[in-house]
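Read through the structure below, which is laid out as structure tokens, and then see the notes.
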Amino acid sequence: MRPTSQYAAEAIGTFILVFAGTGAVVFGDITDGQVTPLGIGLVFGLVVMALIYTLGDVSGAHINPAVTIAFWAAGKFPGRQVAPYIVSQCAGATMASAVLRALFGLHKNMGATLPIEGLVYQCLILETILTFILMFVILNIATGSSEQVTIAGIVIGGVIALEATFAGPISGASMNPARSLGPALVSWNFSSLWIYLLAPTLGALLAVPAWRGVRLAKRVH
């Protein structure tokens, strides 16, 4: 597979993720809450599931800089492609947010992830834990049996839907720096962006030694 095709897949995949996911948030604002937190969580989970089955054999369907960095740290992704993947993902996310604004105008923060008032550091920890869980699942599924790989989209999409539903009202449940960067750039609201760049990356990296420990224990037994 040519790298240019992989970069294009990551850009398009992240565009679709952010357009659908943050679009659900924007549409909820436009319709005074007709798109509920459960609906938003399901949109994020379902779109990720679809993208994994659509682009998994092209680029791996990372669609998330934290996932790319963690795969590299785990020795499952070449270092020379990390930066191009991240640039592609961020470009796709930003374009999606720009299209949403062009279509529907500036609605609040365009689906930007923001911590609930007064819980900044709690949300930092929460986002770290959420991404740790997500990446731990991804690593185990991606390196598991062929049966596990076959259902990867369902499992990973399910985890995202679950986490986005219960944690979304508190922290936004980003788990993805690109997903947070796009709306922040378009709404020009960078007040809490550092949380959503730092926490998902840290959480994803913490999942790597946990995954290695579990895999080592499995081989021993």
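Remarks
- Dipole of the chain [Lys/Arg +1, Asp/Glu -1 at C-beta], most positive-end residue of Q122, A210, A11: A210
- Among T143, T94, T113, the ranking by other beta carbons within 10 Å of each residue's beta carbon, starting with the fewest, stands as T143, T94, T113.
- MRE, 222 nm, helices only [DSSP H, n ≥ 4, -39500 (n - 2.57), over the chain, to nearest 500]: -25500 deg cm²/dmol
- Over all orientations, segment 98-163 has a Cα convex hull whose mean projected area works out to 6.3 square nanometres.
- Here the residues W194, W211, ranked from fewest to most Cβ neighbours within 10 Å of their Cβ, fall in the order W194, W211.
- In plain terms, the residue of H62, H107 with the fewest other Cβ atoms within 10 Å comes first and the most crowded comes last, giving H107, H62.
- Look at the dipole of segment 3-220 built from charges on Cβ: of T68, V155, I52, the Cα furthest out on the positive end belongs to T68.
- Legend: Rg and Dmax of the chain, from Cα coordinates, 16.5, 57 Å.
- Charge dipole (Cα centre; +1 on Lys/Arg Cβ, -1 on Asp/Glu Cβ; no other charges) of segment 108-221 amounts to roughly 320 debye.
- In a DSSP loop and with at most 16 other Cβ atoms within 10 Å, the GluC sites (Glu not before Pro) in segment 109-164 are E117.
- Whole-number percent relative contact order across segment 3-220, with pairs defined as alpha carbons under 8 Å at least 6 apart: 32
- Net +/- balance of residues flanking G60 in space, Cβ distance below 11 Å, scoring K and R +1, D and E -1: -1
- For the chain, a simple Cβ point-charge model (Lys and Arg +1, Asp and Glu -1, everything else neutral) yields a dipole of about 660 debye relative to the Cα centre.
- For segment 121-153 and segment 1-62, distance of Cα centres in Å: 17
- From the C-alpha gyration tensor of segment 92-204, square roots of 5λ in Å: 27, 17, 11
Just so you know, all these numbers are worked out from the coordinates, no wet-lab data involved. Nothing here was measured: the structure is a model prediction, and the numbers come from that model. As a convention, Cβ positions derive from the backbone with ideal geometry for all residues, glycine included, and neighbour counts pool all protein chains shown.
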